[in-house]
Amino acid sequence: MTLDHVTLSSYLRDPRLAITAEGVVCLVCGRAYRHLTNTHLRRHGLTSDEYKRRFGYNMHRALMVPDVRGIHAVNAVKIGLAGRIRRRPILADLTLRHLGGRHLHALEESLTRKERLVPRSARGWSRDRRGRFAPATESRAREVPVELRGLPG
């Protein structure tokens, strides 16, 4: 199944839409697969990392449908894969250690972050006399301590 140009261009603007429960759409040719493999990507002259960089995916994003990813996760737990991984890149590479966990943000990650931003309320907030947040008042007279009210200015 190949997608039309309009749908494919919407996937190019937001690559997260290309990965659904039904399939992963290749953003180069427009075909849907259960797992976008290195063999398929080689036909386009790309590696998995190059594909992810080119289309703005996170480097740790699995290019497969959630069901297949779940099967792989269960199998990894069964064989104890995590215990067999000995290399920790942050310890082996000094440049990663100097970055302190910072990394470049892919398009996918920045789109997700923008969606998570909570719009601020139109109503402002200020602190009351005791330092607690309270809705901003029209006049600041309520915030003036009782001891100072009525004193000549």
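The values are calculated or read from the model by the stated rules, or taken from the named source; none is laboratory data. Keep in mind the model is a prediction, meaning the values are calculated, not measured. Glycine also receives a Cβ, built like all others from the backbone with ideal geometry; neighbour counts cover every protein chain displayed.
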- Item | Exclusive hit being surrounded by 13 or more Cβ atoms within 10 Å (Cβ to Cβ) and touching a Leu at 6+ places or on another chain (Cβ under 6 Å), set Leu63, Leu8 | Leu63
- Task: Would you confirm whether any residue within region 23-40 is modelled with pLDDT under 90, of a type in the set (Val, Ile, Thr) and within 23 Å of His105 (Cα to Cα)?
- Result: no
- Under 6 Å by Cβ, and 6 or more places apart or on different chains, what pairs join a residue from region 18-46 that is on the phi < 0 side of the Ramachandran plot and of a type in the set (Asp, Glu) with one that is surrounded by 14 or more Cβ atoms within 10 Å (Cβ to Cβ) and at pLDDT below 90? none
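Step by step: first the residues of region 47-93, then only those that are charged (D, E, K, R) and closer than 18 Å to Asp14 by Cβ, then the one that is nearest to the chain's Cα centre (by Cα). Which residue is that?
Start the filter on region 47-93 by keeping residues that are charged (D, E, K, R), which leaves 49-50, 52-54, 61, 67, 69, 78, 84, 86-88, 93.
With closer than 18 Å to Asp14 by Cβ added as a condition, the list becomes 52-54, 61.
Numbers: Lys52: 14, Arg53: 14, Arg54: 16, Arg61: 10 Å.
That would be Arg61.
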- Restricting the first residue to region 86-106 and requiring it to be more than 22 Å from Tyr57 (Cα to Cα), which pairs with a second residue that is modelled with pLDDT of 75 or more and exposed (fewer than 10 other Cβ atoms within 10 Å of the Cβ) meet a Cβ separation below 9 Å and a spacing of at least six or different chains? Arg97/Leu91
- Of the residues in region 30-51, those that are over 13 Å from Val65 (Cβ atoms) and either touching a strand residue (DSSP E or B) at 6+ places or on another chain (Cβ under 7 Å) or among the polar types (S, T, N, Q) (or both) come to Gly30, Arg31, Asn38, Thr39, His40, Thr47, Ser48
- Return yes when Ala106 is out of contact with any strand residue (DSSP E or B) (no Cβ under 9 Å at 6 or more places or on another chain), closer than 30 Å to Tyr33 by Cα and either of a type outside the set (A, V, I, L, M) or surrounded by 10 or more Cβ atoms within 10 Å (Cβ to Cβ) (or both) and no when it is not. yes
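Determine whether Arg54 is at pLDDT 90 or above and closer than 23 Å to Arg113 by Cα.
On the way: at pLDDT 90 or above: yes; closer than 23 Å to Arg113 by Cα: yes.
The answer is yes for Arg54.
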- Query: Mind checking which residues of region 30-53 are outside any loop (DSSP other than H, G, I, E, B) and over 20 Å from Thr20 (Cβ atoms)?
  - Reply: Asn38, Thr39, Arg42, Arg43, Asp49, Glu50, Arg53
